[in-house]
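Input: a single structure, listed below in structure tokens.
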Amino acid sequence: MAVASSLQQTPSWDFPPYDSIGIFLVAMKSFRKTRFLFLFVLSFFLRLGLAAAQPVSWQYFRIGDTKDVQTKPVGGTAMMGGGDDLDEAFRWLCEKGNGGDFLVLRATGDDDYNAYVNKLCKLNSVATMIIPDRVSAQDAGAIEIIKKAEVLFISGGDQGNYIRNWKGTAVQEAINAHIAAGKPIGGTSAGLAVQGEFVYGALGDKPDDADLASAQVLPNPYFERVTLEKDFLKIPHLEELITDSHFAKRDRMGRTLGFLARIMQDEWSKSPREIAVDEKSAVLLEPDGRARVVGTGKGAYFLRPARAPEVCKRGEALTFRDVAVYRVRTGGHFDVAAWKGEDGTGYSLSVVNGKIESTQSDKGVY
């Protein structure tokens, strides 16, 4: 039987209200001077107002069995490049969950994924939890739901919301505990962007800004909107690595090269790597590090610089030579652990004074 449910949390007090009123009455008798009494009353009601102004506002929507079930999931990471959702990638995640509970995590949006995943897979339940702020990301009820899920999936949207509202909270800890327990995780678009150790956080973007473009990064890799973060998720084989989505479709090669140059210039890593996934494509990464590319897009690109950038300074055009690229199309494979391709195409890119040069004379940078 399918059951749909939703839950919106109400404000919680961080101190007992009745005890506080008692303290207030005692204080009124104790204070003799009007000035001190006024300050005490003001402080009391300000505290009361702040408590009411910060409600726990996460939402939870579930279809399927209302009771939790425990299965034996198998680890794996689905990295989806955005655009149309890929049935094959979601079925792969469901199989990893072994009939358990599938939980979609998002900061904004709705529960559209519930019906979609439920039609594709045989699961105990499919649910969506919307966690819009840091107060909600610390709530014990939300954390308990994450702990019970066999599969986690981080939706698209704005990765700045995930970094801004979830990093350093109990939600981040719970997601990483899920990964450490060997359970599968997936993400698309913004949900892919936060999977690597290094993240383009989009924290400098305004709501009406267009996507950060290669043309903005190559002339100035320290452009104000190039906000890089690290240590959000801890996914095996994605250490010292950054991800990017909508890759060829939105011509993001230039900005990706800028990200890699910044990571090296800022001494975060001497040998960073990148997995960049095009729209309508996905990389399905097994626990042993072997990955398969699926979908109808242009596939995935695996990048690794051979040396540090020559020029990577604020306000100056980037010069960054000899970045190895390995392109894998649908049906192809790549060993992320060994960083070695099997059935793709390898080439090299360089940036000289803000212009990209490719050893592929016929196909350019992609």
Picking from Pro221, Pro207, Pro236, the residue that is open to solvent by 10 Å² or more (accessible area, probe 1.4 Å), touching a residue at least 40 places away in the same chain (Cβ under 8 Å), over 17 Å from Arg327 (Cβ atoms) and in a loop (DSSP other than H, G, I, E, B) would be Pro236
Six or more apart or on different chains, Cβ atoms under 8 Å: show the pairs whose first residue is in region 315-331 and part of a loop (DSSP other than H, G, I, E, B) and open to solvent by 60 Å² or more (accessible area, probe 1.4 Å) and whose second is at pLDDT 95 or above and charged (D, E, K, R). Arg329/Lys298
List the pairs whose first member sits in region 58-82 and is over 19 Å from Gly157 (Cα atoms) and assigned to a loop (DSSP other than H, G, I, E, B), whose second member is basic (Lys, Arg) and open to solvent by less than 30 Å² (accessible area, probe 1.4 Å), and whose Cβ atoms are under 9 Å apart, counting only residues at least 6 apart or on separate chains? Pro73/Lys96; Val74/Lys96; Gly75/Lys96; Gly76/Lys96
I'd like to check something: does region 169-185 contain any residue that is touching a residue at least 60 places away in the same chain (Cβ under 8 Å), in a strand (DSSP E or B), touching a Gly at 6+ places or on another chain (Cβ under 9 Å) and open to solvent by less than 10 Å² (accessible area, probe 1.4 Å)? yes
Return a yes/no flag: does region 249-258 have any residue that is in contact (Cβ under 8 Å) with a residue 24 or more places away in the chain, surrounded by fewer than 16 Cβ atoms within 10 Å (Cβ to Cβ), of a type outside the set (Ser, Thr, Tyr) and not in a loop (DSSP other than H, G, I, E, B). no
Select from region 340-365 the residues that are open to solvent by 40 Å² or more (accessible area, probe 1.4 Å), farther than 21 Å from Pro309 by Cα and at pLDDT 95 or above and list them in ascending order. Lys340, Thr345
Looking at region 270-279, is at least one residue more than 30 Å from Asp87 (Cβ to Cβ) and touching a Ser or Thr at 6+ places or on another chain (Cβ under 9 Å)? no
Give region 239-248 a look and list any residue that's open to solvent by 10 Å² or more (accessible area, probe 1.4 Å) and in contact (Cβ under 8 Å) with a residue 60 or more places away in the chain, or say none. His246, Ala248
Heads up, the strands (runs of 3 or more DSSP E) in region 272-314 (entirely inside) with at least 2 residues that are over 16 Å from Asp343 (Cβ atoms) are 273-277, 281-285, 300-305
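The values are calculated or read from the model by the stated rules, or taken from the named source; none is laboratory data. Bear in mind that the values here come from a model prediction, so they are computed numbers and not experimental data. Quick reminder, even Gly has a Cβ in these numbers, built from the backbone with ideal geometry, and neighbours come from all protein chains shown. For accessibility, only protein heavy atoms count, side chains too; no ligands or nucleic acids. Shrake-Rupley method; radii C 1.70, N 1.55, O 1.52, S 1.80 Å.
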